[in-house]
Amino acid sequence: MTRSSRFGRAARALALACTLLSCGKGSSSTGAVAEQKPAEAPRTTSREPLEALPAVPELDPRVVALGRRLFHEPRLSGDNKVSCSSCHDLAKGGVDAKPLSLGVSGKLGLVNAPTVYNSSLNFVQFWDGRAATLEEQVGGPITNPIEMGSSWSKVLAALAGDPSYVADFAALPGGVTEANVRRAIADFERTLLTRGSAFDRFLAGDEKALSSEARAGYEMFKSVGCIACHQGRNVGGNMFQRFGVLGDYFKDRGHVSDADYGRYNVTHNESDRYVFRVPSLRNVIHTAPYFHDGSAATLTQAVQVMARYQLGRKLSDEQVTEIIGFLSSLSGDQAPPGSKI
Ligand code: HEC
Ligand code: HEC
């Protein structure tokens, strides 16, 4: 990303924050929800500006089933022991719950594993955005020596030598090919949308879906400015931002490594140093530890770090609890409809 477009984005984010905070103007009442308020309840909760998750796309079920099988297939790795699901456990939020992942032969990764749930909605893949599509992303772990440590020739030979895979690949023109492995896994991932969260039910009009704490937390999320970066239907995943806008996170943490350079590793633009794709906050209560470096063990810690380094403020314990109440309402169905994990 070029310097000017990143600054353009930042400016837009700030402009949005300003709109949301209605800088100097009277508070907007658009989309306001009529509700009966107990005395201590927050101001009227506007549904805007976040959006609900879209419907699961209609894809060829045979291709999706093949993708699910490949996602759990340890023969995609060099030692036949590591599958995509080793690090993206679909029963546990699509992550491995470790600060850094363990790959083939117990090799330690460089960054925290993000979830695969809703990743199809992110505008680019990986913390540094180096893959444009899910299809492109698939090749990363398979050939990465510290993740799955394999090669496409080994993978394709293993699959083409297994008659049950040959039968499954018949669903795609060309059979067992690298492009079809990528396509099937990517299509399976496109079905991994965590619909049905309390927050999305609230957006759809169910007044009772959100607790008063979660409502207060959503208002707080907007009023303190989290929303300037964590936006849209994925509550993130649609822009790059610097980690440490109003404080030097990396200096305070120490031991800066190449992995901390983020987007800079892709563009080599000085202005992209320490810049990362803003992560989605959907299901975030299930994906500890947090940040690209896995440094925040708890969500409380992560929210405090964000307030301090992204917004230059300290939140009270009560404010943090409310925000976490809102973040908890973003958890949806972790198994795609009609499928076993
Ligand atoms: C050894 C652990 C490990 C294995 C195995 C693994 N991943 Fe990952 N995955 C990671 C890590 C770590 C990242 C983040 C890497 C980065 O951003 O540089 C990641 C990132 C991703 C992302 C990007 C998500 C986002 O929001 O940016 C997707 C999608 C993904 N992996 C899918 C897969 C698939 C499909 C496979 C199997 C082909 C797989 N992973 C195998 C650890 C793993
Ligand atoms: C200026 C943009 C910006 C603002 C404002 C911001 N964030 Fe973030 N947020 C980011 C970026 C960038 C990351 C990824 C940092 C990293 O790990 O490199 C992130 C990461 C997170 C994470 C960790 C997610 C994960 O899966 O590891 C949480 C939780 C979070 N933000 C919550 C919040 C909350 C709550 C607020 C408001 C108090 C907030 N953010 C404000 C940009 C922002």
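Among the residues of segment 153-171, at least one is closer than 15 Å to Cys84 by Cα and in the same structural domain as Asn80 (by TED's automatic domain parsing). Checking segment 128-141 against the condition returns a match, with at least one residue being within 20 Å of Val275 (Cα to Cα), touching a residue at least 40 places away in the same chain (Cβ under 8 Å), more than 6 Å from ligand 1 (Cβ to nearest atom) and out of contact with any helix residue (DSSP H, G or I) (no Cβ under 6 Å at 6 or more places or on another chain). Filtered by the rule that a residue be surrounded by fewer than 18 Cβ atoms within 10 Å (Cβ to Cβ) and over 26 Å from Glu51 (Cβ atoms), segment 103-143 gives Ser105, Gly106, Lys107, Leu108, Leu110, Arg130, Gly139, Gly140, Thr143. Take Thr115 and tell me if it is β-branched (Val, Ile, Thr) and either touching a His at 6+ places or on another chain (Cβ under 6 Å) or more than 16 Å from ligand 2 (Cβ to nearest atom) (or both). Answer is no for this residue.
Among the residues of segment 197-237, those identified as part of a loop (DSSP other than H, G, I, E, B), more than 11 Å from ligand 2 (Cβ to nearest atom) and either over 15 Å from the mean Cα position of the chain (by Cα) or crowded, with 20+ Cβ neighbours inside 10 Å (or both) are Ser197, Ala204, Gly205, Asp206, Leu210, Ser211, Asn234.
Taking the criterion of being touching a strand residue (DSSP E or B) at 6+ places or on another chain (Cβ under 6 Å), acidic (Asp, Glu) and not in a helix (DSSP H, G or I), would at least one residue in segment 83-91 satisfy it?
Quick first cut of segment 83-91, residues touching a strand residue (DSSP E or B) at 6+ places or on another chain (Cβ under 6 Å) only: none.
No, there is no match, as no residue in segment 83-91 is touching a strand residue (DSSP E or B) at 6+ places or on another chain (Cβ under 6 Å), acidic (Asp, Glu) and not in a helix (DSSP H, G or I).
Restricting attention to segment 275-326, the residues that are in contact with a strand residue (DSSP E or B) (Cβ under 7 Å, 6 or more places away or on another chain) and hydroxyl-bearing (Ser, Thr, Tyr) total 2. One residue stands out among those in segment 84-112 that are free of Cβ contacts under 8 Å to residues at least 40 places away in the same chain and more than 20 Å from the chain's Cα centre (by Cα): the one that is nearest to ligand 2 (Cβ to nearest atom), which is Leu108. Among the residues of segment 92-120, the ones that are within 9 Å of ligand 1 (Cβ to nearest atom) and part of a helix (DSSP H, G or I) come to 3 in all.
Give segment 240-271 a look and list any residue that's among the hydrophobic types (A, V, I, L, M, F, W, C), within 8 Å of ligand 2 (Cβ to nearest atom) and under 20 Å from Thr115 (Cα atoms), or say none.
Pass one, segment 240-271, residues among the hydrophobic types (A, V, I, L, M, F, W, C): 240, 243, 245-246, 250, 256, 259, 266.
Of the ones still in play, those that are also within 8 Å of ligand 2 (Cβ to nearest atom) are 240, 243, 245.
Within segment 240-271, Phe240, Phe243 meet the criteria.
The values are calculated or read from the model by the stated rules, or taken from the named source; none is laboratory data. Not measured: the values here are computed from a predicted model. We place every Cβ from the backbone using ideal geometry, glycine too, and count neighbours over all the protein chains shown.
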